[in-house]
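Reviewing the structure listed below.
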Amino acid sequence: MSDAPPEASAVTDAASFQQAAGATREQMAALEAYRALLAEWNEVMNLVGPGTLPAFWSRHAWDSAQLLRLEPGALRWADLGAGAGLPGVVLAILGKGRPGFHVDLVESMAKRCRFLTEVVHSLDLPATIRHGRAEDLKLKVEVATARACAPLSKLLGYAWPYLRAGAMGLFLKGQDVASELEEATRYWDFEAEIVPSLSDPRGRIVRVRRLTRV
């Protein structure tokens, strides 16, 4: 990973993403293949907003890849409500080849699991698709993450088994994160740090370390 990433607005295409993420030629080829699969499957199921696909490198790839900067040493990740594979597939592509690196893609909808299975098998990624509800699974990971999954008050419930076992929470959120945090404190006691997003000046990443029920 580069020590001096460009400003968020500077990541606009494949070349600027490669510079920002420090991605190899092989990783870029895998990301291009993933982008093609995402566009193909998006024609028959709702994976991402169609209007966001032209901005794949900034809106999806860099938004996901930036998480590796926050926990660069983490090897075991769980993407809760993986859906289209964001951020989990991007993390798996960038982590491929690192000894011990693995992503659990947790998804409750069977049709989305079929898409994830196609991606993981086609690209030979260090990832496992877990068809089920995140809160019902017992996975030992270092980081639990999620993007566009649920409001924080519900998301913390999904992540509770992971954080209770010692995982860090890294949750990609939008500009209304303050209200989500306030609502979440009605149900949860936790330590949270708000990190500005590198991909969108309106975005935030919520880093959660300690979580207990109120």
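Worth a mention:
- Span-rule helices in the chain, defined as complete DSSP H runs reaching 18 Å or more along the axis (Cα) with Kyte mean at least -0.5: 25-42, 110-123
- Between segment 53-110 and segment 163-185, the Cα center-to-center distance that results, in Å: 18
- Dipole check for the chain: with +1 at the C-beta of Lys and Arg, -1 at the C-beta of Asp and Glu, and the Cα centre as origin, the magnitude is about 560 Debye.
- Relative counts (whole %) of C-alpha pair distances in the chain, using bins that are 10 Å wide: 9, 37, 39, 15, 1
- Relative contact order (percent, whole number), the chain, Cα cutoff 8 Å, 6+ residue spacing: 18
- GluC sites (Glu not before Pro) within segment 18-62: DSSP coil, no more than 13 neighbouring Cβ in 10 Å: Glu43
- Taken over the Cα atoms of segment 130-214, the convex hull encloses 89 Å³ per residue.
- Choice from His102, His60, His121 with maximal GNM fluctuation in the chain (Cα, 10 Å cutoff): His121
- Comparing mean-square fluctuations of Thr117, Thr128, Thr24 from a GNM of the chain with C-alpha springs under 10 Å, the top value falls on Thr24.
- In this entry, segment 85-161 is assigned a mean projected area of 5.0 nm², taken as a quarter of its C-alpha convex hull surface.
- Top of Gly85, Gly100, Gly166 by mean-square fluctuation, Gaussian network on the chain, Cα under 10 Å: Gly100
Quick note: the coordinates plus some simple rules give every number you see, no bench work behind them. Quick caveat: nothing in here was measured; it's all calculated off a predicted structure. Glycine also receives a Cβ, built like all others from the backbone with ideal geometry; neighbour counts cover every protein chain displayed.
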